[in-house]
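Novice: After the structure tokens below, expect a handful of questions from me.
The values are calculated or read from the model by the stated rules, or taken from the named source; none is laboratory data. In this text, all values refer to a predicted model and were calculated from it rather than measured experimentally. Glycine gets a Cβ as well: all are built from the backbone with ideal geometry, and neighbour counts include every protein chain shown.
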Ligand SMILES: Cc1cc2nc3c(=O)[nH]c(=O)nc-3n(C[C@H](O)[C@H](O)[C@H](O)COP(=O)(O)O)c2cc1C
């Protein structure tokens, strides 16, 4: 009889432990979903610099992205020199906000992998890293925007020359980053008509 009571008590404890684990997961889920849905492109910034600690937070998040066969082709160039940022703004027609941004991180990809063959996944891996970086920026109160470089040949060449990239490394995008200025709101992109269940 005593043994039965002990068993019941142990089961109750196990269930309560499992429930508490589930609850804490739900707590994190809310925060993660809130972060995803709050992210927006921010193109105006204050003059406040981005700290070294914040830069590391962004880069750590970027490198936590999924990557084909765990190859991790991403490379990052961190630019905070005013002159360099201004010169890049001149060269990139859709990244004029670099003139105002105190920081840019250029997400680049090593385009070769095993036996020097072309890595067909570098753009996907670097895109995942870019999204992680944008979400991290949102989470720590920074504003950022993905500005396209690759595959536009002219922009790719300009940025590659500018950053002195090795020939096998391509710049996917430039991310101007800073403390947000003005009003920035996330867009609601939920469209059930874009979903197909089972087959199209
Ligand atoms: C591949 C890609 C390229 C983009 N290129 C630019 C760009 O060159 N300049 C820019 O201002 N925004 C650029 N954006 C940001 C989009 O304009 C923005 O994500 C879109 O309008 C949706 O707004 P949201 O990011 O606030 O949700 C780019 C986004 C992606 C994913």
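Novice: Could you identify the single residue in 23, 35, 28 that is under 19 Å from the mean Cα position of the chain (by Cα) and at pLDDT below 95?
Specialist: 28
Novice: Can you report the number of residues in the range 73-97 which are touching a strand residue (DSSP E or B) at 6+ places or on another chain (Cβ under 9 Å), within 21 Å of residue 57 (Cα to Cα) and more than 16 Å from the ligand (Cβ to nearest atom)?
Specialist: So the answer is 7.
Novice: Which residue pairs have Cβ atoms under 7 Å apart, sit 6 or more places apart or on different chains, and have a first residue in the range 185-200 that is closer than 20 Å to residue 41 by Cβ and a second that is surrounded by 10 or more Cβ atoms within 10 Å (Cβ to Cβ)?
Specialist: Within 7 Å, the pairs are 185/40; 186/37; 186/38; 186/39; 186/40; 187/40.
Novice: Ok, one more. Hey, among the residues in the range 43-60 that are surrounded by 13 or more Cβ atoms within 10 Å (Cβ to Cβ) and under 13 Å from residue 139 (Cβ atoms), which one's nearest to the ligand (Cβ to nearest atom)?
Specialist: 58
Novice: Within the range 29-48, which residues are in contact with a helix residue (DSSP H, G or I) (Cβ under 8 Å, 6 or more places away or on another chain) and in a strand (DSSP E or B)?
Specialist: Result: 45, single match.
Novice: Another question, if that's okay. Restricting the search to the range 146-181, which residues are within 13 Å of the ligand (Cβ to nearest atom), closer than 23 Å to residue 135 by Cα and part of a loop (DSSP other than H, G, I, E, B)?
Specialist: The answer is 146, 150.
Novice: Considering every residue within the range 120-138, establish whether at least one is part of a loop (DSSP other than H, G, I, E, B), within 13 Å of the ligand (Cβ to nearest atom) and touching a residue at least 40 places away in the same chain (Cβ under 8 Å). Give the derivation first.
Specialist: So the first thing to find is which residues in the range 120-138 are part of a loop (DSSP other than H, G, I, E, B), and the list is 120-121.
Next cut, within 13 Å of the ligand (Cβ to nearest atom) only: none.
No: the range 120-138 contains no residue that is part of a loop (DSSP other than H, G, I, E, B), within 13 Å of the ligand (Cβ to nearest atom) and touching a residue at least 40 places away in the same chain (Cβ under 8 Å).
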